[in-house]
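Undergrad: First the structure, which I've put down as structure tokens, then a few questions once you've had a look.
Read-outs throughout are calculated quantities, based only on the coordinates presented, and are distinct from any laboratory measurement. Small disclaimer: the values here were computed from a predicted structure and weren't measured. Note: ideal-geometry Cβ built from the backbone for every residue, glycine included; neighbour counts use all protein chains shown.
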Amino acid sequence: MGYIICPECGKSFHSLGFARHMAMHRDNREKDTRKCYVLMVSRTFPKVHPKAEQETGFVEAIENGSKIHTIRADFEKWQNIADEVNEGKAYVSVRYWSKSPYNYKRDGSKQVEFKRLDKLEVQSVFMTRYSFFEVTLNDEYIYHPEIETLAKNDGLSYDDLDKWIFPPKCKQDEFWGAVIHFTDFKY
Ligand SMILES: [Zn+2]
């Protein structure tokens, strides 16, 4: 009874403590003059993936430390963001959609921040699917067991990573992106 979920951090409060809690967020925002970059984490597999709409478990895996990075397109963009973050000019707000990521206007889905990154390490990853799935990490070609580790550290199986990057019907056969680290681990 009487619980309110904070739309900004997802914690629940008795109605009494809630106003004070929101004031805390307001104060923090006013104090924080840094730029905010939003990194959305998918709680379900994309519609084009064979596991479409099944749960990824990513948020839980990031929280329990088993998913230690995410892979995103556009290495240069993420490297520039990392520079800004590491110079103290920006931070990354890691968020998920409280309901559906697709129709927030209809179901009132909100972005929920569950992690902030005040420093950011990114590493380059190049993947191709000319005839099979191949990966170059930090300019070094890596083999099946290492790809398996990369996938596992991303919260996925080898196959799921392959199909996430190159969905079955996708015509693209090259992907150049960034491994964005949530921890101090680096390859
Ligand atoms: Zn909150």
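Undergrad: Less than 10 Å Cβ to Cβ from Asp160, Lys/Arg counted +1 and Asp/Glu -1: what total charge do the surrounding residues give?
TA: -1
Undergrad: Now for a different question. In whole Å, what is the distance between the alpha-carbon centres of region 14-34 and region 99-120?
TA: Computed from Cα coordinates, the inter-centre distance equals 18 Å.
Undergrad: Take Tyr187 and His25, extend 7 Å from each Cα along the Cα→Cβ direction, and tell me the distance between the two endpoints in nm.
TA: With each label placed 7 Å out from Cα toward Cβ, I get 3.6 nm.
Undergrad: Turning to a different aspect of this structure: So for the chain: antiparallel DSSP bridges make up what percent, rounded to the nearest 5?
TA: 85
Undergrad: Using Cβ counts within 10 Å as a stand-in for footprinting exposure, how do Lys89, Lys171 rank, fewest first?
TA: Lys171, Lys89
Undergrad: Which loop trypsin sites (Lys or Arg not before Pro) in region 94-137, with loop taken from DSSP, have no more than 16 other Cβ atoms within 10 angstrom of their Cβ?
TA: Passing sites in region 94-137 are Lys99, Lys110, Lys119.
Undergrad: If you don't mind, another one. Taking the Cα atoms of region 30-99, what is the range of coordinates along each of the three principal axes, in descending order and whole Å?
TA: Over region 30-99, Cα extents along the principal axes are 39, 27, 22 Å.
Undergrad: Considering only DSSP beta bridges where both residues belong to region 24-118, give the percentage that are antiparallel (nearest 5).
TA: Roughly 55 percent of the beta bridges in region 24-118 run antiparallel, per DSSP.
Undergrad: Can you compute the FRET efficiency between Asn86 and Tyr143 using 1/(1 + (r/R0)^6), with r the Cβ-Cβ distance and R0 = 25 Å? Round to the nearest 0.05.
TA: 0.20
Undergrad: What per residue convex hull volume, in Å³, do the alpha-carbon atoms of the chain yield?
TA: Taking the convex hull of the Cα positions in the chain, it is 140 Å³ per residue.
Undergrad: Over region 45-153, consider all pairs of different Cα atoms and compute the Kirkwood hydrodynamic radius from their mean reciprocal separation; express it in Å, one decimal.
TA: Computed over Cα pairs of region 45-153, the Kirkwood hydrodynamic radius comes out at 16.3 Å.
Undergrad: Gain in length, Ser124 to Cys36, computed as 0.36 nm per residue apart minus the alpha-carbon separation, to one decimal in nm?
TA: Gain on extension, Ser124 to Cys36, equals 29.5 nm.
Undergrad: Setting aside same-chain residues fewer than 8 positions from Lys89, which aspartates and glutamates have a Cα under 18 Å from its Cα?
TA: Glu30, Asp32, Glu76, Asp118, Glu121
Undergrad: Given springs between every Cα pair under 10 Å in a Gaussian network model of the chain, which of Lys169, Lys11, Lys67 has the largest fluctuation?
TA: Of Lys169, Lys11, Lys67, the Gaussian network model singles out Lys169 as fluctuating most.
Undergrad: Considering the chain as a Gaussian network with a 10 Å cut-off on Cα pairs, which listed residue, Asn28, Asn138, Asn153, attains the greatest mean-square fluctuation?
TA: Most flexible of the set in this elastic network: Asn28.
Undergrad: Under 14 Å Cα to Cα from Lys115, which aspartates and glutamates show up? Leave out anything in the same chain fewer than 8 places away.
TA: Glu8, Glu60, Glu63
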